[in-house]
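First up is the structure itself, then whatever we jot down about it.
The values are calculated or read from the model by the stated rules, or taken from the named source; none is laboratory data. All of these numbers come straight from a predicted model, not from anything done at the bench. Here the Cβ positions follow ideal geometry from the backbone for every residue, glycine too, while neighbour counts run over all protein chains shown.
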Amino acid sequence: MPAFDYAAYDASGKRVTGVISADSERHARRLLKDKKLLPSELSEVSKMVVKSASARREARVNNFDLSLLLQQQAILIQSGLPLEDALRMTIEQAETDKQRRMLQSWRSEIIEGRSFSEALRRSPYKIPDSIIAGISVGEESGHLHEVLMRLADDLESSAENRKTISRAMIYPATLITTSIIVVAIMMVWVVPKITAVFISSNRELPLITRIIINLSEFTQSYGLFVLLIVVALYLAFIQAMRDPQRKQRWHELMLTFPGLGRWIRMANIADWSRSLGVLLSNGVPALAALKISSSVVTNLHLRSKLEAVTEAMRQGSTLHKALQDSNIGSGFLVHMVGSGEASSELDKMLLRVSDYYSLRLNNAVEVFLKLINPVLIIFMGVVILSVVAAVMLPIMDMNNIL
């Protein structure tokens, strides 16, 4: 049964919005009229999602939103509610329109008699394969609520790793960008007006003042041209990244960057280890779990290596040996996987590996932010002090002469 997103007016003339399940658009309008609502807009959820996401062919889902929805389903199912009722209750309490549409698309498939995993697979919103595989096993084993809670924790941890790296990049980038904008404004509008007096006096100016004046003249003459070059280079980079081979080479190059490359490697290994550990603990076959967990790796170079590990496993190699040959991670990863295979507790060992790398990543970023904060503040202070000195030194020199 399809779902329809509607906007309607009630008896008092107030505009209300929501989602309703109906066999057709005509049926949806009749159901709304039965509720004493006059529909003004009506569109099928799946068609609307596909239309809005036509450029990327699928609607993406925020990991935090998906984690929240899975946790809610786990709690409601554990309390004894049927899945369809659990979804209906969650729809009524959805915080955003996107959450409501996504839940309604799942519920529509459930009403038609499909399983939860099949409903997620057919949803117009892109759900990770690891989530679908885990839920499928949970339905077969009868422990769906436990699997949902574990998958939700996995999603939240993966999102936290990405958020950690983003925080490390966004903070210094914001300060540097702000500094550049402030300096550019000063060079274009403030400095020329102040230094015009010094230039007309025909006196020899201090070195710092001459530097600031030359920089100001360069910014006025070529600043816009430099900005256009930067924008053009950025657009060219975005266009180049559409080629998978170029993107993979770029991802390989990123792994060699000091600091950043190590963070990216740790975050991806943590995500892969956690995903594989959760899938194995939920009963997903090893080869299928390896294939699915490789898809959660965002760095294409590391993903290709992990796909090679999966292929080596398919040919009869052990995971320990395949990881050792691929040189994908540190000795800690290889040692823990070897111990897990020897003790038949590979899933637990992988989850410990994930926790270890997540903790290392968080600690490394925290140390970086503590170190970079005073460095950036000093840098901004030196820039501002240089401009102030360039203005004040000639003024002090003129006062001494007088």
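Pick out the one residue from A173, A159, A152, A168 that is within 30 Å of F379 (Cβ to Cβ), in a helix (DSSP H, G or I) and touching a helix residue (DSSP H, G or I) at 6+ places or on another chain (Cβ under 6 Å).
On the way: A173 fails: touching a helix residue (DSSP H, G or I) at 6+ places or on another chain (Cβ under 6 Å); A159 fails: within 30 Å of F379 (Cβ to Cβ); A152 fails: within 30 Å of F379 (Cβ to Cβ).
Every option except A168 fails the conditions.
Let's see how each residue does on (1) exposed (fewer than 12 other Cβ atoms within 10 Å of the Cβ); (2) within 35 Å of the chain's Cα centre (by Cα); (3) hydrophobic (A, V, I, L, M, F, W, C):
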position: S344; (1), (2), (3): yes, yes, no
position: Y356; (1), (2), (3): no, yes, no
position: V367; (1), (2), (3): yes, yes, yes
position: L371; (1), (2), (3): yes, yes, yes
position: V382; (1), (2), (3): yes, yes, yes
Positions within the range 315-351 being under 16 Å from A270 (Cβ atoms) and outside any helix (DSSP H, G or I), in sequence order: I328, G329, S330
Close pairs from the range 116-143: first over 19 Å from A289 (Cα atoms) and touching a residue at least 60 places away in the same chain (Cβ under 8 Å), partner of a type in the set (K, R) and in a loop (DSSP other than H, G, I, E, B), Cβ under 9 Å, at least 6 apart: Y125/R60
Residue within the range 8-29 that is among the polar types (S, T, N, Q), assigned to a strand (DSSP E or B) and modelled with pLDDT under 70 present: yes
Hey, I135 in contact with a Leu (Cβ under 9 Å, 6 or more places away or on another chain), assigned to a helix (DSSP H, G or I), closer than 19 Å to S273 by Cβ and not charged (D, E, K, R) or not: no
Residue list for the range 52-79, restricted to those being farther than 30 Å from G13 by Cα, modelled with pLDDT under 85 and outside any loop (DSSP other than H, G, I, E, B): A59, N63, F64, D65
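Can L361 be described as assigned by TED's automatic domain parsing to the domain that holds T195, out of contact with any Phe, Trp or Tyr (no Cβ under 7 Å at 6 or more places or on another chain), part of a helix (DSSP H, G or I) and surrounded by 15 or more Cβ atoms within 10 Å (Cβ to Cβ)?
Details: assigned by TED's automatic domain parsing to the domain that holds T195: yes; out of contact with any Phe, Trp or Tyr (no Cβ under 7 Å at 6 or more places or on another chain): no; part of a helix (DSSP H, G or I): yes; surrounded by 15 or more Cβ atoms within 10 Å (Cβ to Cβ): yes.
When the stated conditions are applied, L361 does not pass them.
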Residue match in the range 180-194 (condition: surrounded by 19 or more Cβ atoms within 10 Å (Cβ to Cβ) and within 24 Å of A28 (Cβ to Cβ)): no
Failed item in (1) under 28 Å from L255 (Cα atoms); (2) without any contact (Cβ under 8 Å) to a residue 60 or more places away in the chain; (3) among the acidic types (D, E), with D153 passing the rest: (2)
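Which residue is surrounded by the fewest Cβ atoms within 10 Å (Cβ to Cβ), if the candidates are limited to the range 293-308 and must be among the β-branched types (V, I, T) and modelled with pLDDT of 85 or more?
Initially, the range 293-308 is screened for residues among the β-branched types (V, I, T), giving 296-298.
With the extra rule that they be modelled with pLDDT of 85 or more, the set shrinks to 297-298.
Values: V297: 21, T298: 15.
Among those residues, the one meeting the criterion is T298.
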Flag for A308 being more than 17 Å from G277 (Cβ to Cβ) and aliphatic (A, V, I, L, M): yes
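Residues being among the charged types (D, E, K, R) and under 22 Å from A133 (Cα atoms): count how many of those fall in the range 79-100. I'd like the intermediate steps shown before the answer.
We begin by selecting, within the range 79-100, every residue among the charged types (D, E, K, R); these are 84-85, 88, 92, 95, 97-98, 100.
The next check asks that each one be under 22 Å from A133 (Cα atoms); those that pass are 84.
Residues in the range 79-100 being among the charged types (D, E, K, R) and under 22 Å from A133 (Cα atoms): 1 in total.
Listed here are the residues, each with its yes/no results for (1) within 30 Å of P206 (Cα to Cα); (2) loosely packed, with under 13 Cβ neighbours inside 10 Å; (3) touching a residue at least 24 places away in the same chain (Cβ under 8 Å); (4) of a type in the set (A, V, I, L, M, F, W, C).
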| site | (1), (2), (3), (4) |
| --- | --- |
| N327 | no, yes, no, no |
| L333 | no, no, yes, yes |
| V337 | no, no, no, yes |
| L351 | no, no, yes, yes |
